[in-house]
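As structure tokens, the structure follows; a few thoughts come after it.
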Amino acid sequence: MKKSLLLFISYLVFTCSSIAQSSMYLPMMIKNDDGSTESYDIQKGDKLVYQVKAGTNEYDFIITINGESENGIDFNYEMTNSSNTKGHVLLSYKAKNEATHYVNYFRGGELNLMDACTVWLSGKNFSDMPDKKTTMTIDAGEPETFYRPEKDEVTPVVKIKGQDKKIDAFMINNAADGTGNKTMWINGISSNSLIVKMDLGWTIVLKEIR
């Protein structure tokens, strides 16, 4: 019941923020050891550092938040892979709010996402969560159903500005009981439905916000 109420409140926040998009509001939901909660608002200039593991390759994927505009969320990215891949992404509000297709492969250069989401779970998919399931298309795959299993609460530890913090997040999986081969962990507030962890046969995990 508590989690459902949080999702309902978060959805109201999402609705309001969709109407007034003039300022950036990307809070990370933090759960303290004493049971209390707090938040950290991601700011312009913050770097989100993800660890990627794909086969024998392991490297960091670093997102630098440039801010928001009337067009969407703007960020640069760089990878510490052998190619030192770099690029720039504009994620439109339409895509962030309505898309059910996701792009996870970045090859460098400019990318304007008008009908596909990335890094964040879209508002459409997030708003389906009280129903415990939603349909998503990952990269070039077929549409498939992701479920919010009964035991869905996860608290990954992320270093935020030098301090370890437990993120109050939830899990979705491509099997109703949570045992499928594709998993995402989502920050538990709709206005910043950041993907904290993703396992699609390769993994990407948020480890730090600098």
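Nothing in this text is a laboratory measurement; each read-out follows from the coordinates by a stated rule. All of these numbers come straight from a predicted model, not from anything done at the bench. So basically every Cβ, Gly included, is an ideal-geometry build from the backbone, and we count neighbours across all protein chains shown.
Among the residues of segment 138-190, those that are acidic (Asp, Glu) and not in a loop (DSSP other than H, G, I, E, B) comprise 144, 153, 164. When segment 77-122 is limited to residues that are of a type in the set (S, T, N, Q) and touching a helix residue (DSSP H, G or I) at 6+ places or on another chain (Cβ under 9 Å), the one that is surrounded by the most Cβ atoms within 10 Å (Cβ to Cβ) turns out to be 122.
Which residues, counting only those in segment 60-76, are closer than 18 Å to residue 123 by Cβ and touching a Phe, Trp or Tyr at 6+ places or on another chain (Cβ under 7 Å)? The one that is closer than 18 Å to residue 123 by Cβ and touching a Phe, Trp or Tyr at 6+ places or on another chain (Cβ under 7 Å): 72.
Scan segment 139-172 for residues that are surrounded by fewer than 19 Cβ atoms within 10 Å (Cβ to Cβ) and of a type in the set (A, V, I, L, M, F, W, C) and the total you get is 4. The residues listed here are 165, 161, 132; of these, the one that is of a type in the set (D, E, K, R), under 24 Å from residue 26 (Cα atoms), touching a Lys or Arg at 6+ places or on another chain (Cβ under 6 Å) and touching a residue at least 12 places away in the same chain (Cβ under 8 Å) is 132.
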